[in-house]
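What follows is a short report on a single structure.
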Amino acid sequence: IFWSMTLEVNAGDLVSTEENGLLALNKAPISAEQFAGLLPLAYQYALTSTGYPKPQSHYKDPVINIVKEGVVKALIGCIGNCGVLGYYDPRDNSINVEVTILNLPPVEAGGLLVHEFVHYLQYANGLVFEGCEVRRDAELEAYRTQHNFLVAHGVTPTWAWPYSPCTPGTEEATRLKM
């Protein structure tokens, strides 16, 4: 298996695919098994879309954690309704997604996973997240890849890409506003 997972949610049917390889637009909520079925699809999409090489064998596969609602927002310092449901944590090489991801349709949950896998690939391939411009560009790459995944699977995103101007010397400039 490519990764390990900590899932403490109910199981159900696997995500179905159509003949053309597109995800069927199953209705939410999704089950733990459907979520697990999205992982290889999301990883492969992130890998092929970004052009990053597959991480070397010494770089461990990420652990996927489904965490309680509010945990991810607390990890990144989100205040208010910022809509963030996932976070790649390079300190322990984990992708943390809030349990509310299971309330999303499979394609949208897959898009969120694609976004976090892009961050995993960025770190695994040596991108150094220092400076506002690098952080902003890394985040925009993840959003662009997520957007393309959604469109490729028949979903028109209703959100705008975040943009944060870089003001040199301010820590605030390194955190994207959602």
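The values are calculated or read from the model by the stated rules, or taken from the named source; none is laboratory data. What you see is a predicted model, and the numbers here were worked out from it, not measured in a lab. Cβ coordinates were reconstructed from backbone atoms using ideal geometry, including for glycine residues, and neighbour counts include every protein chain displayed. What goes into the accessible areas is simple: the full protein's heavy atoms, side chains included, and nothing from ligands, DNA or RNA. Shrake-Rupley method; radii C 1.70, N 1.55, O 1.52, S 1.80 Å.
Here are the numbers for the structure shown:
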{"item": "For the stretch 66-142, the fraction of alpha-carbon pairs in successive 10 Å shells from zero, as %", "result": "18, 51, 29, 2"}
{"item": "Rounded FRET efficiency, nearest 0.05, which uses the C-beta distance separating R91 from T158 and R0 of 30 Å", "result": "0.40"}
{"item": "Amide H partners (placed H, <5 Å) of L104, local residues excluded", "result": "I30"}
{"item": "Portion, in percent, of the accessible area of the stretch 59-142 that falls on carbon or sulfur, probe 1.4 Å", "result": "52"}
